[in-house]
Amino acid sequence: SLYTRRAALARRAAGLPEASAWMAVLIQPLLAADTSFVLHTHDPTGRAADAVCAEVAVGLGETLACAANSGSAWRLLARKDGGGVDTLSFANFSEALRVDAARGVVTETVAYQDEPLTASAEARVTLGERLAAAGAALESHFGAPQDVEGAVVDGVVHVVQSRPQPGVVVVATAA
């Protein structure tokens, strides 16, 4: 992604010469995700300033990241103070990528009636609360709203990436 059009234009806009561009590579173990998520710690929907907005999909995060996939994710709006979780939309991607120990990464048809996030409001609230807590901790640690990617494996939330949330201007208030 170092030489994508978007990256090159961003460097040009920032006045950074191409020769100064470097790319880092991080190798991580592949998580056999039950679900994956993208989390914005500053709600981009504008519904609640004190909330995180999570998009969640079955399986690996490629389902969320790839614009070629048609469908939508579960969208959860969760208050950072534990004040509630709203379900804004239900997922309907027809396929998911999953890790199979014998076959590697496989494409599977999603049976949403069997997915806990479809069948159970309690499951959505529990996940939303956990993601809100993780998002609030990351935002506090980094001192700015975050764009977070991660996965849930056997009920454990794994953060695989956190970066400043684009397009969010933080205005300091006088104490």
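Miscellaneous remarks
- Residue that is modelled with the lowest pLDDT [pool: residues in the range 153-170 that are under 16 Å from THR41 (Cβ atoms), open to solvent by 30 Å² or more (accessible area, probe 1.4 Å) and part of a loop (DSSP other than H, G, I, E, B)]: VAL170
- Some residue of the range 51-62 being touching a residue at least 60 places away in the same chain (Cβ under 8 Å), in a loop (DSSP other than H, G, I, E, B), more than 20 Å from VAL125 (Cβ to Cβ) and under 17 Å from the mean Cα position of the chain (by Cα): yes
- Where ALA7 falls short, out of the listed (1) farther than 27 Å from ALA119 by Cα; (2) in contact with a strand residue (DSSP E or B) (Cβ under 8 Å, 6 or more places away or on another chain); (3) surrounded by 13 or more Cβ atoms within 10 Å (Cβ to Cβ): (2)
- Single match in GLY150, GLY135 (criterion: open to solvent by less than 70 Å² (accessible area, probe 1.4 Å) and assigned to a helix (DSSP H, G or I)): GLY135
- Output for the range 64-82, where each listed residue is hydrophobic (A, V, I, L, M, F, W, C) and not in a strand (DSSP E or B): LEU64, ALA65, CYS66, ALA67, ALA68, ALA73
- Unique match (being open to solvent by less than 40 Å² (accessible area, probe 1.4 Å) and β-branched (Val, Ile, Thr)) among VAL105, VAL125, VAL99, VAL85: VAL85
- Of the residues examined, PRO17 is one that is more than 21 Å from ARG124 (Cβ to Cβ) and modelled with pLDDT under 95.
- Residues within the range 18-50 that are without any contact (Cβ under 8 Å) to a residue 24 or more places away in the chain and more than 19 Å from VAL85 (Cβ to Cβ), tallied: 11
- Unmet requirement for ALA14, which otherwise passes all of (1) touching a residue at least 12 places away in the same chain (Cβ under 8 Å); (2) of a type outside the set (Phe, Trp, Tyr); (3) open to solvent by less than 80 Å² (accessible area, probe 1.4 Å): (1)
- Qualifying residue in the range 105-114 (condition: in a loop (DSSP other than H, G, I, E, B) and without any contact (Cβ under 8 Å) to a residue 40 or more places away in the chain): yes
- Flag for ASP43 being closer than 22 Å to VAL125 by Cβ, at pLDDT below 95, touching a strand residue (DSSP E or B) at 6+ places or on another chain (Cβ under 8 Å) and open to solvent by less than 40 Å² (accessible area, probe 1.4 Å): yes
- The one condition in (1) surrounded by fewer than 13 Cβ atoms within 10 Å (Cβ to Cβ); (2) touching a helix residue (DSSP H, G or I) at 6+ places or on another chain (Cβ under 7 Å); (3) among the hydrophobic types (A, V, I, L, M, F, W, C) that PHE90 fails to fulfil: (1)
- Of the residues VAL85, VAL106, the single one that is in contact with a helix residue (DSSP H, G or I) (Cβ under 6 Å, 6 or more places away or on another chain) and either more than 14 Å from THR35 (Cβ to Cβ) or at pLDDT below 95 (or both) is VAL85.
The values are calculated or read from the model by the stated rules, or taken from the named source; none is laboratory data. Nothing here was measured: the structure is a model prediction, and the numbers come from that model. Virtual Cβ from ideal backbone geometry, glycine too; neighbours counted across all protein chains shown. Please note that ligands, DNA and RNA were not included when accessible areas were found on the heavy atoms of the full protein model with its side chains. Shrake-Rupley method; radii C 1.70, N 1.55, O 1.52, S 1.80 Å.
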